[in-house]
1. Using only the alpha carbons of region 273-411, determine the length spanned along each of the three principal axes and report them from longest to shortest in whole angstroms.
2. Starting from the eigenvalues of the Cα gyration tensor, five times each then square-rooted, give me the equivalent ellipsoid semi-axes of region 243-329, largest first, whole Å.
3. In Å, what Rg and Dmax follow from the Cα atoms of region 357-409?
4. Can you give me the Kirkwood hydrodynamic radius for region 314-373, using every pair of distinct Cα atoms, in Å to one decimal?
5. Write down the radius of gyration of the chain and its Dmax, each obtained from C-alpha positions, in Å.
6. Can you tell me what share of the DSSP beta bridges in region 13-104 is antiparallel? A percent to the nearest 5 is fine.
7. Cβ neighbours within 10 Å, averaged per peptide: list 280-292, 442-454 in order, most packed at the top.
8. Local charge sum around Q250 (other residues, Cβ-Cβ under 14 Å, Lys/Arg +1, Asp/Glu -1)?
Amino acid sequence: MPKQRSLKGSFSLQGKGLHTGVDIQLTFFPAPENHGCKIKRIDLEGQPIIPALAEYVTQTTRGTVLSNGDAQVSTIEHAMAALFSFGIDNCLMEVNAPEFPILDGSAKLFVEKINSVGIVEQDADKDFFVVKKKIEYTDPATNSSIVILPDDHFSVQTMIGFKSPILSNQYAVLNQLEDFATDIAACRTFVFVRELEQLLKMNLIKGGDLENALVIYDEPIEQTELNRIADLLNHPYKKVDELGYLTPLQFENEPARHKLLDVMGDLALIGKPIKGKVIATRPGHKINTALAKVIRKEIKRQEVPTPVYDPNKEPVLNINQIKKMLPHRWPFLMVDKVMEITDSVVIGLKNVTSNETFFMGHFPNEPVMPGVLLVEAMAQTGGLLILHQVEKPELYSTYFMKIDNVKFRQKVVPGDTVIFRLELISPIRRGCATMKGYAFVGDKIVAEAEFMAQIAKNK
């Protein structure tokens, strides 16, 4: 089994921000097993940390932006692509600005620095996201799509297309991560001259120049207008006589290769190495990170153990024993039996029948169990978990103080067997408990929520 990786030592890079134009220092540090990749804003009070994960993506205009509370950091995709290419699982990045330095517009310097300090294998096993079936995400508005197919290793191919006589259709491929350093890392971000003024109006690219981006001149513009745009950017005038790239290309298909680099950097935000073949058509940060968010949700779902219900197994608590612990009675007792209970986890069950009283008024012609009652059933199951911790539970009651992050994923109908799994998030302190709850029908999560409850002796 491959092992997790981190850096052997630390390194720093300095440069200006592409969008802010400010001078930035970015330092990479080794991190312990199972730490993941995280970013620390050392210029902010409290030095907040932002996990480099897709659920923290908040903006995707001309770069990927991560936010955690009031802390934000952008243009992280080139660094993340470099870390991903080396299979680095654990790293702490400290930055003193709201974005990473753009450097030369590629991942080249990140790769060189990682090579210079080296990589260390750790003791923990590497945890892959293995693509088991086709995953596809499309954006009809931009005619973009990303497909990931099952494979025994990671590879990427990108196809791009623009309405431009200079940059129309291009294709790039990376068949193995080992080729990233030579074939992809040095490929720079690109922009069209016709886009520059609009991007400036959006308060972007204040640090952009011919040294950190491929600038494409693909439609005639008067020299006076070019000079005016140069003044807006505080750059020297450049006389342009013909259409083309204002910076020499390193590869004929350098833009497509850079788009491949961006795809890797954004997909690195799933937090795990991938075993699968990525096919991206007209990709961009928006669709890249949208797919990464879909995968993150799937990873979280897989991390929740699906309870297995064996109807032949004797329950730990039957309905009569449950009645001795809970004050609820028909028609509001929502747990039929408990199949498993430990100090931190409880598995409860409810058989939903067409005779439930709530179906008389809740869509009688299309009976659906009310979502609030699923939450109530989870709460009752969680109450049993808490009461299990005390002697003479019949002398205590459980009162719920807060319910957060409630999500309903699928309807529950007559004939369903709903299995509830509640787990303590932290040990019970001062009579208060916090729990994470899931409701399953088969192997699908139909609802989830977080609970805070207080146990009180009242008899």
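1. Extents along the principal axes: 62, 41, 36 Å.
2. Numbers: eigenvalues 594, 35, 15 Å².
Sorted largest first and rounded, they come to 54, 13, 9 Å.
3. Radius of gyration, then largest Cα-Cα span, for region 357-409: 14.8, 46 Å.
4. Details: mean 1/r = 0.0772 Å⁻¹.
Radius from the Kirkwood sum: 13.0 Å.
5. Cα-based Rg and Dmax for the chain come out at 27.3, 91 Å.
6. Working: 19 of 25 bridges.
Percentage antiparallel, nearest 5: 75.
7. On the way: 280-292: 22.8, 442-454: 17.8.
Ranked from most to least packed, the peptides come out as 280-292, 442-454.
8. Working: positive: K108, R188, R257; negative: D104, D183, E211, E252, E254.
Around Q250, the surrounding residues sum to -2.
Quick note: the coordinates plus some simple rules give every number you see, no bench work behind them. The structure displayed is predicted, hence computed values, not measured ones. All Cβ positions, even for glycine, are placed from backbone atoms using ideal geometry, and neighbour counts span all protein chains on display.
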